[in-house]
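The values are calculated or read from the model by the stated rules, or taken from the named source; none is laboratory data. Please read these numbers as outputs of a predicted model, since none were measured by experiment. Virtual Cβ from ideal backbone geometry, glycine too; neighbours counted across all protein chains shown.
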Amino acid sequence: MLLTKYDNLVKDVFTLYDRKQYSDVISLLHQMMDDYPNRTDAILFLKACTFTAQEKTDLALSTFQNGLDKGLWWNPEKLTNNSELEVLQTDSNFKLIVEECIQKLEDAKQEAKQELFTFGNPTASTAIFSLHMRGYNVKNFAPYWMNNHLLANYFYGFPQSSQVFGHDSYCWEDPTVAESEIVHAFNEFHQISRSKQTILAGGSQGGKLAIELSLKGNKLNTKGFLAVIPAIRDLDIIKDYLEKYKPTGKGYIIAGDQDIFFEKTVELVKILDAYNYPCQFVVKKELGHFFPEDFTDLLQEAVKFIQS
């Protein structure tokens, strides 16, 4: 899977960075620029952080400026709250870069709209309605879920949020807006799907949302949820939904034991078990906040479990 290869290269970047092999990091990022043009903004961000670690602030600044000159930009909070860029915070040129990104963010918010993308077989008996990760778009997120076999056997719906995160990337930050858009997109999806059963799914922030919407009265009337590396933070809201709505269905959660959200996810699974909500929990060893390489296989196992 092409995107998993990209993720593996990002892991390699982090490993080399932690070892302070900065020249190797830059070389690898140059290679990735050629192979993954749709990820140029993320790659340039990593390059700038690496130049900063090398105390090459001029190169870091020029990297950001080159991106801006190409029409790219970054979430302003990502620029100002990243510890790797702390040394740049008082630089007047960096402040100008941040200001330009703030303006681009506001401009993008004015133009953004919720969209629905569909793939696969509309006559399939099983549909998967999947919510993208924070800072992603459907173009970068959907390929994790598909291969030729799955496209023939499932019908996919991928709503893209109107909430802008960065250049051509989106998030589900406002829960009220997110729920409204998801319900609207799902109704649109349901009109063109002939599937008998639909599974609500998602990755990271989208995975968290899939869990919450399934437990919160299940307005979409889905069969269950599939959450991949869910970004679990608030467990109290999960307890509230379980107590208030007493949801039915089944869940399937995939997480890496090196994920920053892993401990919270473990607690979540224990809570679901305490409330007798059936949920299968798959833990991938040595995996951080990334999709597992065998995800398309796990996806089929998840469908079988949820529909059983």
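The strands (runs of 3 or more DSSP E) located wholly in segment 128-223 that include 1 or more residues which are surrounded by 23 or more Cβ atoms within 10 Å (Cβ to Cβ) and among the aliphatic types (A, V, I, L, M) occupy 197-203. Could you tell me whether any residue of segment 225-248 is more than 30 Å from Trp74 (Cα to Cα), surrounded by fewer than 17 Cβ atoms within 10 Å (Cβ to Cβ), at pLDDT below 95 and of a type in the set (S, T, N, Q)? Looking for residues that are more than 30 Å from Trp74 (Cα to Cα), surrounded by fewer than 17 Cβ atoms within 10 Å (Cβ to Cβ), at pLDDT below 95 and of a type in the set (S, T, N, Q), one finds at least one in segment 225-248, hence yes.
Quick grid of which residues meet (1) in contact with a His (Cβ under 7 Å, 6 or more places away or on another chain); (2) at pLDDT 95 or above; (3) part of a loop (DSSP other than H, G, I, E, B):
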site: Leu3; (1), (2), (3): no, no, no
site: Asp12; (1), (2), (3): no, yes, no
site: Asp24; (1), (2), (3): no, yes, no
site: Asp34; (1), (2), (3): no, no, no
site: Thr40; (1), (2), (3): no, yes, no
site: Phe45; (1), (2), (3): no, yes, no
site: Leu79; (1), (2), (3): no, yes, no
site: Leu85; (1), (2), (3): no, yes, no
site: Thr90; (1), (2), (3): no, yes, yes
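When segment 47-77 is filtered for residues that are under 15 Å from Lys104 (Cβ atoms), touching a Ser or Thr at 6+ places or on another chain (Cβ under 9 Å) and not in a helix (DSSP H, G or I), the ones remaining, listed by number, are Lys70, Leu72, Asn75. Filtering segment 1-52 to residues that are under 21 Å from the mean Cα position of the chain (by Cα) and small (Gly, Ala, Ser) leaves only Ala42. Of everything in segment 279-308 that is outside any helix (DSSP H, G or I) and touching a Leu at 6+ places or on another chain (Cβ under 8 Å), the residue that is surrounded by the most Cβ atoms within 10 Å (Cβ to Cβ) is Phe291. Checked against the criterion of being under 21 Å from the mean Cα position of the chain (by Cα) and closer than 18 Å to Gln205 by Cβ, segment 268-285 contains one or more residues that satisfy it.
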